[in-house]
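The structure appears below as C-alpha cells.
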Amino acid sequence: MTNFTPTAADRFTFGLWTVGNVGRDPFGEPTRQPLSAPYIVRKLAELGASGINLHDNDLVPIDATAAERDKIVSDLKAALAETGLKVPMATTNLFGDPAFKDGAFTSADRRVRAYALQKTMRSMDLGAELGAKTYVFWGGREGTEVDAGGKLMDALAWFRESLNFLAEYSESQGYGYRFALEPKPNEPRADIFLPTVGSALGFIPTLDKPELFGVNPEFAHETMAGLSFPHAIAQALDAGKLFHIDLNDQKMGRFDQDLRFGAENIKGAFFTVMLLEDTGYSGPLHFDAHALRTEDEAGVWAFARGCMRTYLILKDKVAQFHADPEITAALEAYRVEDTELAALSKFSPENAEALKNREFDREALGVRGPGLEALDQMTIELLMGVRG
Ligand code: GCO
Ligand code: MN
Ligand code: MN
C-alpha cells in the first residue's frame, strides 16, 4: 500500500491555464489572483507533478515586445531548470483574441487564416525552445452558431490545409512534433468542427502526413456529448492515435465544467485509468481542469493534489481488480471459447462453407447469463473499499 504521493515518474502534468485559472466565468469576475508561471512551476514540483503545458499567451502576453518575451521565457526556464519540471506539450491560443471570433484556421477571412498560421508557427517555436514534443490543436473557435455562411465543406478543407502547412513547418525546422487534435462538441461555438474523438480519427487519414497526427481526448468533452470517455480512448488506442490525454470530469450534457479528475464519474475514471495502465500508454497524464470558482489559492493546490491522488488511488484499485480471484473467475466465465469455431474465424471459402452449415443451439445462446450484474457489483464494492 502506498501513500499515494505522486513523483515525476507518474508523468502528471498541468496546464499553466489550469492551476492558473482565476475563476472568471460568463457571469462573474475573477475570484482569485493570477499566479506567475515560475511560481506555478515551483508549486507543482513540490506537489510531485512532472511537467507543465502552455498556450503561447499563458506565458507571453499577446502584445509583449521581443525583449519582454525573452525575459519571461528565461524566468520560466530558470524555474524549470531548478525544479526539473518539463514542458511536454505546447499549444496556441487561437480563441481569446477577437480576430478569431469566427474561427482561426476555418475563418472565412483568408487574412485571419494566415494570421492563425503565423501565430501558431511562433508558438511552435516557443514550444520547441522549451522542449515540447507534443503540439495540441484545440479548435475552440473552429465552428459555427449558424450555417447560413455555407462554409461547412470549405472549413474542413481550410482546416486540412493549415494542418498540412504546420506539419511541414515542424519538419522543416526539425522540431519533431507529434500533433494531437482535441475534439469538443461545443463551447465556445454552438457547433465545433471535429466534435468527437471519432470525428478526429476520421479526419486524420485525409491529411498529407497522417502519421504525425493523433488525438488529445478530454473526459469532459466526450461526456458533454453524452458519450463514454473509456470507449473513445479505446478507439484512439486501437488506432495507435492516443498521443496525449486531458483528464478531468464533468456532469453529462452540461456546459464545460472542468471538474477535478474523478470528482463526478468515478466508474468512468476507473475504467479510464484501467485502459491507460493496461495498454501501457506512456504519454503525459495531463489534468485539464481547474479549481472550483469558490476556491482560494489553497483550494487550487487541493484541487491539483486531488487530481493526482485520485489517479494513483484508481491505479491501485486497478491492480486490486486484476489480483482479485473472484473477479478473475467471473471475467474468465464471461468469455466463452470454442476451439472448433476459433479455427473457422479466418476467412477461406472452406471456412465460410463450414460456418454456413454449422448447427447452432440458438435458444441456448440466448439463455446464458453472462454474470455482469455480479461482476459490476464486485467492481463497485472494490471502488467503495469493501473488498480485500
Ligand atoms: C477547453 C479545452 C482547452 C484545451 C487547451 C489546450 O475546453 O477549453 O479543453 O483547455 O485543452 O486549449 O489545447
Ligand atoms: Mn475542455
Ligand atoms: Mn482540453
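The values are calculated or read from the model by the stated rules, or taken from the named source; none is laboratory data. Small disclaimer: the values here were computed from a predicted structure and weren't measured. All Cβ positions, even for glycine, are placed from backbone atoms using ideal geometry, and neighbour counts span all protein chains on display. Accessible surface areas use protein heavy atoms only, side chains included; no ligands, DNA or RNA. Shrake-Rupley method; radii C 1.70, N 1.55, O 1.52, S 1.80 Å.
Taking a span of 24 Å or more along the helix axis (Cα atoms) and a mean Kyte-Doolittle hydropathy of at least 0.5 as the rule, no DSSP H helix of the chain qualifies. Computed across the range 274-383, the Kirkwood hydrodynamic radius from all distinct Cα-Cα pairs reaches 18.8 Å. Rg and Dmax of the range 67-155, both derived from C-alpha coordinates alone, stand at 16.2, 53 Å.
By the rule of a C-alpha distance below 20 Å, with chain neighbours fewer than 8 residues away ignored, the aspartates and glutamates paired with residue 317 are 10, 249, 264, 277, 278, 326, 332, 373, 376, 381. Per residue, the average separation of C-alpha pairs within less than 8 Å and at least 6 apart gives the chain a relative contact order of 14 percent.
Taking 0.36 nm per residue of separation and subtracting the current Cα-Cα distance, fully stretching the chain between residue 316 and residue 336 would add 4.4 nm. Taking the protein heavy atoms of the range 324-383 in the context of the full set of protein chains, the accessible area attributed to carbon and sulfur is 56 percent at 1.4 Å. When every alpha-carbon pair in the range 8-320 is counted, what percent end up more than 26 Å apart? Of all Cα-Cα pairs in the range 8-320, 44 percent lie more than 26 Å apart. What the Cα atoms of the range 1-153 give is an Rg and a Dmax of 17.5, 59 Å. Annotation for the range 6-65 versus the range 189-260: alpha-carbon center distance of 22 Å.
Across the range 324-383, Cα-Cα pairs more than 13 Å apart make up 72 percent of the total.
What is the percent carbon and sulfur in the accessible area of the range 12-150, measuring with a 1.4 Å probe over the protein chains and ignoring ligands?
Working: 3420 of 6270 Å².
Solvent-exposed carbon and sulfur of the range 12-150 make up 55 percent of the total.
Here is the list for the range 319-374: GluC sites (Glu not before Pro) lying in DSSP coil, each with at most 11 other C-beta atoms within 10 angstrom of its C-beta, are 337, 359. Taking every protein chain into account, the accessible area of the chain amounts to 50 square angstrom per residue (probe 1.4 Å). Working ranking of peptides 227-234, 60-67, 277-284, 99-106 by packing, defined as the average number of other Cβ atoms within 10 Å per residue, highest first, is 99-106, 227-234, 277-284, 60-67. Past 24 Å, Cα to Cα, is the threshold; run 119/209; 77/133; 86/241; 184/315; 267/315; 77/119 against it and keep the listed order. Long pairs (Cα-Cα over 24 Å): 184/315.
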